[in-house]
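The structure appears below as structure tokens.
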Amino acid sequence: MARWLLKSEPTSYSWDDLVRDGGTEWDGVRNPTARINLRAMKTGDEAFFYRSVQEPAIVGIARITREAQPDAKDPNWVSVRVEPVRELTPVSLKSIKSEPKLAAMELLRQSRLSVAPVREEEWELIIAMANA
DNA sequence: GCCAACGTTGGC
DNA sequence: GCCAACGTTGGC
């Protein structure tokens, strides 16, 4: 199973919105690199839900429930379906940056990328940080 | 095809 | 509010 990270500004779509909805179409992504990542997602893959801008942090885990299909608003782009798995004790961007083992994370390397891969060892370390 | 100008994202 | 990173647009 592959691991991912999905960014969202809480003012546009928050973790609580995802929980309330029980699942959502992850659409509106308009970046070529992010599109490559969306297309690589398989049903059952898991993704960190990252809250950007306001108190940036990883705040939950979501699951991909349908692979990429053309975005309803513009077929040149794609969307996937996601649903919430569980909330996490927030792991702040600050704590991610302060952990040397996470220095290679795509989140840090390309800070504007809204759909990014996460390595298995990074995933497990962040889960451990949330549980600490 | 190059690159300057401009717009957007997102951390601080 | 500022600014760095980076993507897009458009003149040449």
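The values are calculated or read from the model by the stated rules, or taken from the named source; none is laboratory data. The model shown is predicted, which means the values in this text are computed figures rather than measured ones. No Cβ is skipped: glycine too gets one built from the backbone with ideal geometry, and neighbour counts run over all protein chains shown. We work out accessible area using only protein heavy atoms, side chains counted, and drop any ligands, DNA or RNA first. Shrake-Rupley method; radii C 1.70, N 1.55, O 1.52, S 1.80 Å.
Accessible surface for A:Asp16 stands near 110 Å², nearest 10, in the context of the full protein assembly shown (1.4 Å probe). Here the contact order of segment A:28-132, divided by its residue count and restricted to Cα pairs under 8 Å and six or more residues apart, works out to 25 percent. Sorted into 10 angstrom bins from 0, the C-alpha pair distances of chain A split as 13, 48, 34, 5, 0 percent.
Placing +1 on the Cβ of every Lys and Arg and -1 on the Cβ of every Asp and Glu, with no other charges, gives chain A a dipole of roughly 320 debye about its Cα centre.
Shown for segment A:3-131: the carbon plus sulfur share of the solvent-accessible area, taken with all protein chains present and a 1.4 angstrom probe, equals 47%.
Mean-square fluctuations from a GNM of chain A, with a 10 angstrom spring cutoff on Cα atoms, peak among A:Thr11, A:Thr89, A:Thr33 at A:Thr11. Students often forget the sequence filter, so: which lysines lie under 26 Å Cα-Cα from A:Lys101 once same-chain residues fewer than 8 apart are removed? Correct list for A:Lys101: A:Lys7. The distance separating the Cα centre of segment A:1-53 from that of segment A:62-132 comes to 8 Å.
Helix content alone sets the calculated 222 nm mean residue ellipticity of chain A: runs of n ≥ 4 DSSP H residues at -39500 (n - 2.57) each, divided across all residues, give -7000 deg cm²/dmol. A 1.4 Å probe run over the protein chains yields, for chain A, 53 Å² of accessible area per residue, whole-number rounding.
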